[in-house]
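Encoded as C-alpha cells, the structure appears first; notes follow it.
The values are calculated or read from the model by the stated rules, or taken from the named source; none is laboratory data. Remember, predicted model here, so these are calculated numbers, not experimental data. We place every Cβ from the backbone using ideal geometry, glycine too, and count neighbours over all the protein chains shown. Accessible surface areas use protein heavy atoms only, side chains included; no ligands, DNA or RNA. Shrake-Rupley method; radii C 1.70, N 1.55, O 1.52, S 1.80 Å.
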Amino acid sequence: MTQKITTNELKATFDYEAIQENYRFYQLETSEKFIKSGAAFLDLVEDSFVRSIVFASGKKFYLMTTAKDVEKRMVFQAVQKYEGSEHLSIKELNAENMDKHILLQLFFNSLSNPEHDAYSYNNLTGKLLCYNSAWQKKDSDGNMIQLDCIEVKVTKEMCLQLSAHRMTALSQKSRMQFGKRKIHDYPQYEIAYHHHTLKRVSKEKLNKPTNLIQKPIGNEKSSITFFDFSDYDKFTCSKNGVLYNFMNLVEKQFSGYFSIEFLTYENPKILSVKKTELKLSKEMVQKQLLKTGINVIDEVQSSTSNSFLQDLCQELQNRIPGLDCSIGKRLSKRKVNIRYIHDKDYYGEDDPYKASTGEVVVQHITEENFQHDVNTSVETILKELVIKNDLKQGKISLVDWRKYEFDSDWIFGIEIDEEYYFMKIHPDGTFDVEKMQYDLFNASEYNRYMDYFSADGSVEGLVKDAVGNINIIKKTTMHTLPEMTEIGDALKKASETKKFYGEEWTRLLRIAVLKTDNQKVIDKLEEIISTLQAKKQYDKKDIFKLLKGDTIKKFVVDSIFEDEGILLFAYLRNKEKREKYFSGVIDINYFQKNDTTAHFCVGKIGEGMKEKLERASVIREVQAEDDSKLIFEELLPLMGVDFVKLGMLTVIPFPFKYLREYARTI
C-alpha cells in the first residue's frame, strides 16, 4: 500500500467565466493608516446583494455581490451608510486577476446555512466563523455566557487554517480584562435563534447583557479538539469534523464555480517510535539521579509546605528506589536541587527566578501551579533536572548519544531575542555550548551561521555537519490532516440507526459462520444466534454488545458490512488503518520536495494511539543553504524522544531543548 501525507495546502481550479457571469467583486481601501477590525462597514447586514466580505488587517477589504442589477455606485452607497466610510475608495475587480486566496475566501464567507445542520456559518467583520451548538456554555439559569467558534481562513500561501476563538456575553464583562482596546471597541453580536446565525446588533440593542463579543474571560483560551474519532457526535465537535462538513458543503454550493482539493505527498519516510524505546530515557533519568541525589529547599515556609515537601520526597523515592532525597536549607553543589517557591507575581521586582545560582543545578516548582497535575509535574521535573545537570557536566545523559552512530561532530544553533546560541556535539555525547555575538571585526564561522537567521523569526534552528553542509529549519502555515473524508464517512455510517428482526440478524450471522473455519468463532456465533428472538427487533448496538472479544467483533463487523453495507462499528486504530488514514498525524514523517527543500512533521506516537488528537501536526520546512546537501534526514531519530514535552514526541531535534535551557540559565 502506497502511503501518503495529506496537508492543509489547497489546490483550487476556478471557472472564471461562470464566476464573472454571476458575481461581482470590489476592493475598498481607506486613506487612513488602517481599518479598525471592528469597523461597522465590515458587517453589511441590510443589503441582500452583498454576498460576503473579506478583511484580515491593513487598509483594504473585499466585497462579493450578486451580478444581476448591481452597480459599483450601489455598492459604494451601501458602505457609506456606516460610520467611518467617508475615507473609503472603491474599485471593481476581475475575478481572474484577484489573488486566489482572497477569491476563495469570499466564496467561503458566503456559505449559507443548511436547515437542521449541526453547524452555523457566519460572515462577521470580514471573517468566516463557524460554531456548533455543543460549544455553548450556559449559566445555572440556562443563559448562554460563552460560545466557542472556529475561524475558517485561507492564508496567502493557500493553506486552510481553523483557529478557535471564544465569544463571551457582556453579562460577564467584570471578569474580562481590557487593555488599550476597550469594551466599546468590540463589535457586539446576537444569535438569531430561528436560523441560529450570529449577526451584529443594531444600535438600539447595544450593551444588552446577552450580547456577545469576541473575547475570553481572563486568560482563558478557546480549546476545540483537533480530531476525535471516538464516535460521529464527538467527531462533529472536533476541528476535523467541522472540516469534513465544510468541504462537503462547499462542493454542494459552489461546484459550478470552482473545485478544491488538499495536496498530498506520496511515499514519505516514516519513522515509527515504539513506547518501549521511550522507557529507556526514563531509565536513564533514574540512573543519573541515583548518582546525584536530590536536595529540596523550602522557600515558601508555610504551615503546610514542609509536610508537602516530605510527601514529595517520598513520592520521588517511590519512583526511584534508592534515591537520596532530602530537605535542606541551602542550595547544594553536589546534588541537584528542587526549589519550592511562589510564582513570579508574588515577588514583584525581587524575583528569585533571576537569582544567580552559580554552578548549582536548580529546578523551581511553585506552590500556586505544581499541584494541578502532580504526576506529569514530577516526571517533567526529573527530566529537567537531568538536562540542567548535563549542561553543567557537558555531556548528554538523557539518551546514549552513541546509539545514533554519528562519527563526527554536529552543530545546532538557535536565535533568541537577537542573541545566538550554538551547541557542538561530539560522537561520544560530550558537547560545547556557548552564546555568540555578531562581531564585525573578528570574522568567525559563527558569524556566517548567524546570517541565516531571518529578521521575521521564521527560522527556528540551524544544523551543520562536519563536512560543512548547513540546513535551516523554518516555520510554515502547513499542517497534516488525517484522511477525514473516509473517516467521517465511516463514523457517519456507523452512527446510523439500523433495526432488524431477530430472524434477519440470524441470517446475517449464519452467513458469517460460513466464512470462517475458526471453531471458537463458530461456537460463539451459534450461541448468540440461539439467544435471538425471531420477531423481536434489535438495533446495531444490541448485536455489537453480544460480540465478546476483538477477534470476533472485527470478523462480524467486516462480514456484515461486506454483505449488507451495514457498519456496526468503525474500527480505525489497528496498524493497517493507521497507515491508511493517519499518515502524517502520527509518528515522525519526512518528505523531500527537491534537492534543496524538504518537509517534516511529528505527530502522536502511533502505537497504542488514543481516539483523540488535541493538536494538529505542524509541518516544518528544511532548506539546504549555499550549495549544501540536505542532511536533516540523518537527524530524524533525535525527535523520537518524549522528554521535551512529556508523553509527546519532540517536534524538532532535542538538542534545541538543551540550547533553550542554556539560554534561560546564563
Problem set entry | Complete set of residues in the range 169-179 that are open to solvent by 30 Å² or more (accessible area, probe 1.4 Å) and either in contact (Cβ under 8 Å) with a residue 60 or more places away in the chain or in a loop (DSSP other than H, G, I, E, B) (or both) | Gln177, Phe178, Gly179
Exercise. Out of (1) of a type outside the set (Lys, Arg); (2) farther than 22 Å from Glu261 by Cβ; (3) under 24 Å from the mean Cα position of the chain (by Cα), what's the single condition that is false for His101?
Worked result: (2)
For this session: For residues that are open to solvent by 80 Å² or more (accessible area, probe 1.4 Å) and hydroxyl-bearing (Ser, Thr, Tyr), tally how many sit in the range 547-570.
Result: 1
For this session: State whether the residues of the range 606-624 include one that is in contact (Cβ under 8 Å) with a residue 40 or more places away in the chain and within 20 Å of Ser408 (Cβ to Cβ).
Result: yes
Problem set entry | Single residue of Gly413, Gly461, Gly429, Gly457 found to be within 34 Å of the chain's Cα centre (by Cα) and either free of Cβ contacts under 8 Å to residues at least 24 places away in the same chain or open to solvent by 20 Å² or more (accessible area, probe 1.4 Å) (or both) | Gly457
For this session: Evaluate the range 592-602: report whether one residue or more is modelled with pLDDT of 95 or more, among the aromatic types (Phe, Trp, Tyr), over 16 Å from the mean Cα position of the chain (by Cα) and open to solvent by less than 10 Å² (accessible area, probe 1.4 Å).
Result: no
For this session: Among what's in the range 99-116 and is modelled with pLDDT of 90 or more and in a loop (DSSP other than H, G, I, E, B), pick the residue that is nearest to Thr66 (Cα to Cα).
Result: Ser110
For this session: Could you check how many residues of the range 81-98 are touching a helix residue (DSSP H, G or I) at 6+ places or on another chain (Cβ under 8 Å), in a helix (DSSP H, G or I) and of a type in the set (Asp, Glu)?
Result: 1
For this session: Being touching a residue at least 12 places away in the same chain (Cβ under 8 Å) and open to solvent by 60 Å² or more (accessible area, probe 1.4 Å) is the filter; apply it to the range 1-23 and report the residue that is farthest from Thr485 (Cα to Cα).
Result: Glu21
For this session: Taking Arg402 as meeting all but one of (1) more than 26 Å from Asp587 (Cα to Cα); (2) touching a residue at least 24 places away in the same chain (Cβ under 8 Å); (3) surrounded by fewer than 12 Cβ atoms within 10 Å (Cβ to Cβ), write down the number of the exception.
Result: (1)
Exercise. Can you tell me which residue in the range 275-318 is modelled with the lowest pLDDT, limited to those that are closer than 22 Å to Val360 by Cβ and small (Gly, Ala, Ser)?
Worked result: Ser305
Problem set entry | Residues (outside any strand (DSSP E or B), open to solvent by less than 80 Å² (accessible area, probe 1.4 Å) and either touching a Lys or Arg at 6+ places or on another chain (Cβ under 7 Å) or of a type in the set (S, T, N, Q) (or both)) located in the range 189-229 | Ser202, Asn211, Gln214, Pro216, Ile217, Gly218, Glu220, Ser222, Ile224, Thr225, Phe226
For this session: Scan the range 24-37 for residues that are free of Cβ contacts under 8 Å to residues at least 60 places away in the same chain and assigned to a strand (DSSP E or B) and jot them down.
Result: Thr30
Seminar exercise, completed: Counting only residues that are among the hydroxyl-bearing types (Ser, Thr, Tyr), more than 12 Å from Leu128 (Cα to Cα) and open to solvent by less than 10 Å² (accessible area, probe 1.4 Å), the range 51-68 contains a total of 1
Seminar exercise, completed: Among Lys153, Lys127, Lys138, Lys182, the single one that is farther than 17 Å from Lys221 by Cβ, at pLDDT 90 or above, touching a helix residue (DSSP H, G or I) at 6+ places or on another chain (Cβ under 8 Å) and open to solvent by 50 Å² or more (accessible area, probe 1.4 Å) is Lys153
For this session: Could you please give the count of residues in the range 501-538 that are within 28 Å of Arg573 (Cα to Cα), outside any helix (DSSP H, G or I) and under 45 Å from the mean Cα position of the chain (by Cα)?
Result: 4
For this session: Within the range 241-264, identify whether any single residue is assigned to a strand (DSSP E or B), in contact with a Phe, Trp or Tyr (Cβ under 8 Å, 6 or more places away or on another chain) and touching a residue at least 40 places away in the same chain (Cβ under 8 Å), and answer yes or no.
Result: yes
